[in-house]
């Protein structure tokens, strides 16, 4: 009996030790999620540069220099040009990469007067004509995809093709907008946070009110938000890190260190489009287009857990003269991360 108890004790202790080690590895990897981005940037010798436009505005960008055709990458809401880092080793096999920081993000100009679709779109057209100076395929993610659509429609002869990666099409100009995850999780919270005295850090406020927390971890979010505030107070000027939550949240906090919350206000009040119709922009695209749509998902109460519904995405693609429509098997918004092979194949399909 004693021998059996001893064996059971050893087994239980071993399980506990293994669990502690596994949790430690999980925590370490989550905290150091950005290491793989830095390694990828170093592998392709990506260079960070800036250009000042005639208006005085600055566009910050990363470039992977080679003799391949030009590819311009436009990140989505809350991202920075390094968001594409892990894809660059593969993309650079076929492309000379330019990846920009959108105004209000990263180290590009932070000035609320620039936070409009056409303003940033026109300046990216200037960037193509004056920095890239050759035919370019433009690829945008999320609202960056709507900007890419604008550039493709009105960029003239230097636009060779366009990749639209899961744009929040039509809803970000008001079509059932309040029934979408992005509105409830991000833009409503940005607006309401901006109305506070900001005694609570943004990360803590977001965790306390985020929609995904309400759906999946409602009972735990208040304590997690308190933890985030304590971390912020202890590490001022640094992104909040909580090792037991997935790294997808940490790039959100990391990139938001260089994000102007006023940019989000223009999505809350639907002024970002600045009078431009999504339908008209899409109809004006005459170059080859690949439209990538993340599979439609809904919560139990009917809120769309995707950037656009299937009907919206298919309707958008129907307005484009030469469009290949591809839908992924999941509703993961960052297709270039979750379905990287699908994304890379889509971009490479425009090499011709």
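Since every read-out is calculated from the coordinates, none of them should be taken as a lab result. Nothing here was measured: the structure is a model prediction, and the numbers come from that model. Cβ: placed from backbone, ideal geometry, glycine included. Neighbour counts: every protein chain shown.
Points worth noting:
- Residue 277-residue 311 FRET efficiency (beta carbon distance; Förster radius 25 Å; 0.05 resolution): 0.90
- In this entry, region 82-132 is assigned a mean projected area of 4.1 nm², taken as a quarter of its C-alpha convex hull surface.
- Mean Cβ neighbour count within 10 Å, used as a protection proxy, ranking 38-50, 102-114 highest first: 102-114, 38-50
- Stokes-Einstein translational diffusion, region 75-172 - Kirkwood Rh over all Cα pairs, 1.002 mPa s, 20 °C, in µm²/s: 156 µm²/s
- Mean separation of Cα contacts under 8 Å (6+ apart) over length of the chain, as relative contact order %: 17 percent
- If you model region 178-266 as an ellipsoid using its alpha carbon gyration tensor, with each semi-axis the square root of five times an eigenvalue, the axes come out at 19, 16, 13 Å, biggest first.
- Modelled label positions at residue 53 and residue 197, each set 7 Å beyond Cα in the direction of Cβ, lie 3.9 nm from each other.
- Applying 0.36 nm per residue to the separation of residue 327 and residue 65 and subtracting their alpha-carbon distance, the gain on full extension is 91.2 nm.
- To the nearest ten degrees, helix 247-256 and the longest principal axis of the Cα atoms of the chain are 50 degrees apart.
- Stretching the chain fully between residue 352 and residue 122 yields a gain of 80.2 nm (0.36 nm per residue, less the alpha carbon separation).
- Distance between the 7 Å Cα→Cβ label points at residue 270 and residue 300: 3.0 nm.
- Sorted largest first, the spans of the alpha carbon positions of region 223-352 along the three principal axes are 54, 36, 36 Å.
- The stretch between residue 338 and residue 214, if pulled fully straight at 0.36 nm per residue, gains 42.3 nm over its current Cα-Cα span.
- Every pair of different Cα atoms in the chain enters the Kirkwood calculation, which places the hydrodynamic radius at 21.4 Å.
- Per residue, the convex hull volume that the Cα atoms of region 233-304 enclose (Å³): 211 Å³
- Three semi-axes of the equivalent ellipsoid, region 138-296, Cα gyration tensor, whole Å, largest first: 34, 16, 15
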